[in-house]
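First up is the structure itself, then whatever we jot down about it.
The values are calculated or read from the model by the stated rules, or taken from the named source; none is laboratory data. Model, not experiment: these values are computed from the prediction. Here the Cβ positions follow ideal geometry from the backbone for every residue, glycine too, while neighbour counts run over all protein chains shown.
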Amino acid sequence: MLPNWPRGVKRGENAAMHPFARAIVRWQPRHGRRGMPWQGLSDPYRVWLSEIMLQQTQVDAVVPYYERFLARFPDLASLARAREQDVLRLWSGLGYYARARNLHAAARRVCHANGGRFPDAPEALAALPGIGRSTAAAIAVFAFGRRAAILDGNVKRVLARCFGIADDPATAAGQRTLWDCAERLVPARDTPVYTQGLMDLGATICRRARPLCGACPVRALCVAHREGRVDELPAPRRRKPLPLRRVRWLVALRAGRVLLEQRPSPGLWGGLWAFPEVTTRDAASLGRAIGCRIAALRRLPALEHGFTHFRLRAQPLVAEVRDSGRLRAPAGRRWVRLAAAANAAVPVPVRKLLRELAAAR
């Protein structure tokens, strides 16, 4: 039995409310976060959209994307009818683009296979593209009032500290322990308030660095606070140095247009438009690759962009194409007006460079 483990709490619907859950249910209405546009909603579409956008992304970054997305796709049917490119364009800049592709795929599946009605069971929700166990539970709780346990990164930290769980959350054993704890604590009533409070507690009080223990509603129960182990729990993740991936971008400019290439899906930036990646710096070879004569070629300073598992260093090669005649591009590529290219479905570092090039013309 772990220290301060929620003893006597069962997973059934009639489980008694643990003091941990009771404290959070009392705390949330007075001290939890306010003003988020998805709060208090029971519309499964809007709840689902917010939960997908909030995966690994801060609330402040999500709010404007959420509002723009709903203005363009106000309901599930409009999203299901949309082209993937339109979905990616609205998502551009929010990152983790597989979320957008899965969102679109899930919308189509629900509309075509389920008559436009979201399933209300966590297990059925988790079978949809892009919805994992914790996200499925959050949707089931907020949209349908179901009793289910969430376990995102913030919640893992809260539980590890409060109940003295020293297992590495990244391991299978650590995951099992944390899920067991999370499921035991979910109250049979006030589940949406509890779930929101748990999220709020991890985001605003039980922070990774400099937690506000004096304002914590469960500090009297917290093993880490009592034993002075707040900085030790949860067990720190073993971080490996991120590998560096080097690429060359061909930035071909011609008659006020720039050549963009659609990235394969799945894969890095799948479905988005970016500069073609090349392996040579020879102007003649590059010209043959795009079917044009390159009159001038220059290098720009390398750009770096961080991803979860690696760093990307891109070397832009700006090619001025002087050929006259009709603009043509091979399949999968497109000549786009430079002034408008930054508004297309392009990743952040590509957009940044496009804007710099447009401003310099």
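Applying a threshold of 8 Å to beta carbon distances and a minimum spacing of six or more residues, or different chains, the list of pairs starting in the range 150-178 at a residue that is farther than 25 Å from I131 by Cβ and in contact (Cβ under 8 Å) with a residue 24 or more places away in the chain and ending at one that is hydroxyl-bearing (S, T, Y) and part of a helix (DSSP H, G or I) reads I165/T177; D167/T177. Out of A105, A82, A121, one residue alone is small (G, A, S), in contact with a Pro (Cβ under 7 Å, 6 or more places away or on another chain) and farther than 22 Å from P37 by Cα. It is A105.
Exactly one residue out of Q56, Q85 is among the polar types (S, T, N, Q) and under 21 Å from R351 (Cα atoms): that is Q85.
Report whether or not A100 is assigned by TED's automatic domain parsing to the domain that holds D200 and under 21 Å from the mean Cα position of the chain (by Cα). When the stated conditions are applied, A100 passes them. Listed by first and then second residue, the pairs linking a residue in the range 259-273 that is closer than 21 Å to V318 by Cβ to a residue that is part of a loop (DSSP other than H, G, I, E, B) and of a type in the set (D, E, K, R), with Cβ atoms under 9 Å apart and 6 or more places separating them unless they lie on different chains, are W269/R263; L272/R263; W273/R263.
With respect to the stated conditions, R117 is surrounded by fewer than 16 Cβ atoms within 10 Å (Cβ to Cβ), more than 21 Å from the chain's Cα centre (by Cα), not in a helix (DSSP H, G or I) and not small (G, A, S).
Of all residues in the range 178-204, count the ones that are buried (at least 20 other Cβ atoms within 10 Å of the Cβ), farther than 13 Å from F142 by Cα and among the β-branched types (V, I, T). Of the residues in that region, 1 qualify. Annotation note: of R281, R246, R263, the sole residue that is at pLDDT 95 or above and in contact with a strand residue (DSSP E or B) (Cβ under 8 Å, 6 or more places away or on another chain) is R246. The number of residues in the range 28-59 that are closer than 19 Å to A137 by Cα, free of Cβ contacts under 8 Å to residues at least 40 places away in the same chain and within 21 Å of the chain's Cα centre (by Cα) comes to 5. Scanning the range 219-234 for residues being touching a Pro at 6+ places or on another chain (Cβ under 8 Å) and part of a loop (DSSP other than H, G, I, E, B) gives a total of 2. No other residue among A289, A314, A295 is surrounded by 13 or more Cβ atoms within 10 Å (Cβ to Cβ) and out of contact with any strand residue (DSSP E or B) (no Cβ under 6 Å at 6 or more places or on another chain) apart from A289. Quick check on A136: is it part of a loop (DSSP other than H, G, I, E, B), under 30 Å from D75 (Cα atoms) and at pLDDT 95 or above? Judged against the criteria, A136 is not a match. Against the definition (modelled with pLDDT under 95, surrounded by fewer than 20 Cβ atoms within 10 Å (Cβ to Cβ) and within 23 Å of G132 (Cα to Cα)), how does G95 come out, yes or no? When the stated conditions are applied, G95 passes them.
Would you say E277 is charged (D, E, K, R) and farther than 30 Å from N102 by Cα? Against the criterion (charged (D, E, K, R) and farther than 30 Å from N102 by Cα), E277 does not qualify.
Checked against the criterion of being on the phi < 0 side of the Ramachandran plot and assigned to a helix (DSSP H, G or I), the candidates A127, A100 yield just one match: A100.
Comparison of V251, V218, V223 shows that the only residue that is outside the structural domain of V59 (by TED's automatic domain parsing) and buried (at least 17 other Cβ atoms within 10 Å of the Cβ) is V251.
All conditions but one from (1) part of a loop (DSSP other than H, G, I, E, B); (2) at pLDDT 95 or above apply to R237; the one that does not is (2).
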